[in-house]
1. Give me the distance in nm between label points sitting 7 Å out from Cα along the Cα-to-Cβ direction at R139 and D320, one decimal.
2. So what are the ³J(HN,Hα) numbers for segment 183-192, from phi and the Karplus equation (6.51, -1.76, 1.60; θ = phi - 60°), rounded to whole Hz, Gly and Pro as x?
3. What is the sum of charges around N75, taking Lys and Arg as +1, Asp and Glu as -1, for the other residues whose C-beta is under 12 Å from the C-beta of N75?
4. For segment 95-182, run through the trypsin sites (Lys or Arg not before Pro) and keep only the ones in DSSP coil with at most 10 other Cβ atoms within 10 Å of their Cβ.
5. What does the helix-only formula give at 222 nm for the chain: each DSSP H stretch with n ≥ 4 adding -39500 (n - 2.57), the total divided by the residues, and the result rounded to the nearest 500 deg cm²/dmol?
6. Quick one: ranking T230, T120, T34 by accessible area, 1.4 Å probe, largest first, what do you get?
7. Any chance you could run the full-extension gain for H27 through R236? It's 0.36 nm times the residue separation minus the Cα-Cα distance, nm to one decimal.
8. Work from the charge dipole of the chain (Cβ charges, +1 for Lys and Arg, -1 for Asp and Glu, about the Cα centre) and give the residue of M140, N280, P448 farthest towards its positive end.
Amino acid sequence: MSYNSKPGQIKSPDTFAAPRIVISAAHGRSGKTTLTIGLGAALERRGLKVQPFKKGPDYIDPSWLTAAAGNYCRNLDLFMMGQDGVKKTFITASSVADISIIEGNKGLYDSVDIEGENSTANIARILNAPVILVIDSARMTRSIAALVNGYVNFEPDINIAGVILNNVSGSRHEAKLRAALERYCQIEVLGCLPRSSQLNIPERHLGLVPQKEDSDLIPAIENIRKIVETNVNIDRIIEIARDTKQIEGSKGQRVKGSKVADVKIGVPLDKAFSFYYLENFDALRDAGAEIVFFDAINDKHLPDVDALYVGGGFPEVFMDELEANQSLRREIHNAIENKMPVYAECGGLMYLSRSISWNGDVKKMVGVLPCDIEMTKRVQAHGYTILMKADGEELRGHEFHYSRVRNLGDVKFLYKVMRGKGIDGKHDGIIYKNVIASYAHLNAIGSPQWAEEFVELIREAKGEKQRYKVAV
């Protein structure tokens with residue numbers, strides 16, 4: 001499993017009916033991530049190639065689903081990617097898998113719009129996938145039937161193929177729940193997960209702790225797998241996943257061929273920076289870039305690259321270690337001053353600033369952007385964003401951060417914020433020499449020009465550098 005790998009070509013795009021299942025819930029924090037982790041690990045242990053997906057823009061849950069399934073999780077986001085982008089991403093990644101698991105977000109029908117266009121239910125509709133509904137059954141008995149019937153009947157074309165009961169307190173509780181569902185609902189109970197501390201995953205201010213940060217968290221996945229295997233009818237879930245129809249409009253979905261790489265892009269991939277969409281790497285490679293990964297905490301020197309792409313993560317959590325790596329910070333600073341192109345998202349913006357302050361502690365960062373970063377106790381921005389460039393091009397992304405920019409000098413901005421907060425509520429995308437630093441996270445499926453424009457900027461900067469050397 002490597003970030004350097006790409007999914008293969010689809011052999012039969014005209015008929016695509018890969019086994020697939022959507023894991024959703026009545027509301028957030030019902031246990032769907034826990035179930036999906038356990039199910040992915042259990043299926044992988046059976047020798048199946050599992051392709052996990054996460055509905056929405058989240059980076060953290062996918063890190064756990066990746067570790068559980070042994071295959072990199074992909075995001076499916078209707079707001080950023082559109083229906084065609086969702087289909088393309090799903091079909092491309094699922095074409096070489098034995099089974100695909102799509103974890104929803106929030107409740108099944110929750111959406112940023114009243115019509116449910118961006119809901120998990122609509123993802124299931126677009127991908128013609130059956131849904132397994134996870135119900136948090138704590139402090140509930142007969143009422144569960146009313147809840148389940150409401151979800152089954154709300155949008156009748158959604159195929160809710162079964163339910164899994166979570167937070168079941170014991171055998172008596174389970175018996176009451178099953179009796180109510182059997183009496184009042186025509187729904188299959190596929191399992192009951194007990195109330196257990198072993199099903200808990202560590203959290204912090206942006207949600208779960210990214211699995212990549214701590215290999216000691218792997219035992220948590222094993223514990224979840226064992227509980228799911230014991231309490232869930234996995235054979236029946238496989239049967240449901242296989243009973244699927246062709247995805248409507250799936251003809252002609254193909255992976256683009258990659259150009260010969262003529263530029264190198266350095267990407268920090270470590271405990272501090274781990275928020276990347278694989279589609280962005282794919283798009284950069286398709287545009288003619290080679291991706292070179294390095295560790296911003298432990299690598300003392302910058303690799304031989306023509307540009308940098310610094311994604312999001314938790315630089316504030318590791319700001320001591322980032323400050324301590326003075327040689328790397330100095331080399332990045334000098335490279336940027338010498339016009340190396342850099343695209344930085346959220347955590348990358350923070351890293352390129354002068355400093356990060358958190359709980360009264362201040363640490364030096366790269367220091368090329370004329371600003372400081374202050375961590376706050378309250379979330380500063382959370383949600384989808386729409387950005388507009390001067391030429392009228394519109395980009396869709398998302399932002400989620402507890403930091404804000406302070407002491408910002410006189411700078412130019414690339415984007416006008418049409419929705420969201422950005423840097424100052426009106427603008428995003430600080431421009432400094434060949435650097436673009438933004439709070440927004442973009443997905444290349446929904447912003448296809450991004451990768452090509454960035455790689456072209458790198459080529460131009462590389463050409464200027466070569467001409468300069470010749471002139472000297």
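1. 3.9
2. 6, 10, 10, 9, 9, 8, 8, 9, x, 9
3. Spelling it out: positives minus negatives among the neighbours equals -2.
4. Values: sites: K106, R125, R139, R142, R172, K176, R178; in loops: K106, R139, R142.
Here the sparse-neighbourhood loop sites are R139.
5. Mean residue ellipticity at 222 nm (helix-derived): -10000 deg cm²/dmol.
6. Descending accessible area places them as T230, T34, T120.
7. Separation in residues times 0.36 nm, less the Cα-Cα distance, equals 72.8 nm.
8. M140
The values are calculated or read from the model by the stated rules, or taken from the named source; none is laboratory data. Keep in mind that what you see is a predicted model, and the values were worked out from it rather than measured. All Cβ positions, even for glycine, are placed from backbone atoms using ideal geometry, and neighbour counts span all protein chains on display. For accessibility, only protein heavy atoms count, side chains too; no ligands or nucleic acids. Shrake-Rupley method; radii C 1.70, N 1.55, O 1.52, S 1.80 Å.
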